[in-house]
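Asker: Take a look at this one; I'll ask things after.
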Amino acid sequence: MANIGFGLQDNKNAKERGYDLYQTSLGETLSTVAEDAWKYNPTSSLIRLAELEGNRGTIGDEPLIDRQELNDKYSNLGLFFEQDEKQSTVDILVERKKEERERQSIIQRGPQGFLPGAAKLTTSFVASAFDPINLAVAFVPVVGQMRFASLVAKHGFTKARLAKGAIEGTVGTSLVEPVVYTAAQREQSDYDLLDSFLAVSFG
C-alpha cells in the first residue's frame, strides 16, 4: 500500500528531509503513488529482497565496514545497522532509502483533500492489481461452490458475492503480505505492521 499522505505534517516532514516545499501537480503525485504502490507489491518485493540478500550473502574480497562507522555516517537517513556490512550492500540500502524519501516528499507536497485522496487511493489499488502475483492469488478458490450457494440462499447473490470477494481478498493478501513486509523490513523502509494490516484489510 502506497504512502498516500493522509494527515501528514507536509511542511515539517519536507523540511526535515531536505526537500523543497513547492507543491507538486496531481499528475506527478499520482505517478509517484503508482510507483510507490508497485514497490510494495509482492513481485517487486521478491526481486528487491533477492537482490539485497544475494549481495549480502556473496562471499568475496570486499571488506566489511564496522557497524558503528555505518551508523555514524548514515543515521541521518534513518538507517540503522546491527551488523557490519559491505559497502556494496550499504549502497543498495542508501539508494533505496533516498528514493523512498523522494517519493514521500512528492506525495506529501501534492494536492490534499478528499478528491485527491480518493484519486491516490484508486491509483494505489490499480497499481497493485496489475502485479502478477496479486492477480494469481485473487483467483485462489477459497470459497467453494457449495459454500457460495449457501451464502446466496441466505443473503442473496449481491451480498454473497461481496462476502466471497472479501474472504478471498483477505486470504489472498495474507498469503503474500509476509513477503512484502520482510522485504521492506530488510531494507529498512518506512513500512511497518500497521501498513501490513492496512494492506490485508484493503485486500
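Asker: From the list Gln112, Gln108, which one is in contact with a Leu (Cβ under 8 Å, 6 or more places away or on another chain), under 19 Å from Gln23 (Cα atoms) and at pLDDT 90 or above? Even if it seems obvious, please write down each step before you answer.
Answerer: Values: Gln112 fails: in contact with a Leu (Cβ under 8 Å, 6 or more places away or on another chain).
None of the other options fit; the residue is Gln108.
Asker: Out of (1) in contact with a Phe, Trp or Tyr (Cβ under 9 Å, 6 or more places away or on another chain); (2) polar (S, T, N, Q); (3) open to solvent by 50 Å² or more (accessible area, probe 1.4 Å), the odd one out for Ser128 is which?
Answerer: (3)
Asker: For region 175-191, what are the residues that are loosely packed, with under 14 Cβ neighbours inside 10 Å and farther than 21 Å from Glu95 by Cβ?
Answerer: Pro178
The values are calculated or read from the model by the stated rules, or taken from the named source; none is laboratory data. Since this is a predicted model, take the numbers as computed values, not measurements. Neighbour counts run over all protein chains shown; Cβ positions are idealised from the backbone, glycine included. Each accessible area value is taken on the protein alone, full model and side chains, heavy atoms only, with ligands, DNA and RNA left out. Shrake-Rupley method; radii C 1.70, N 1.55, O 1.52, S 1.80 Å.
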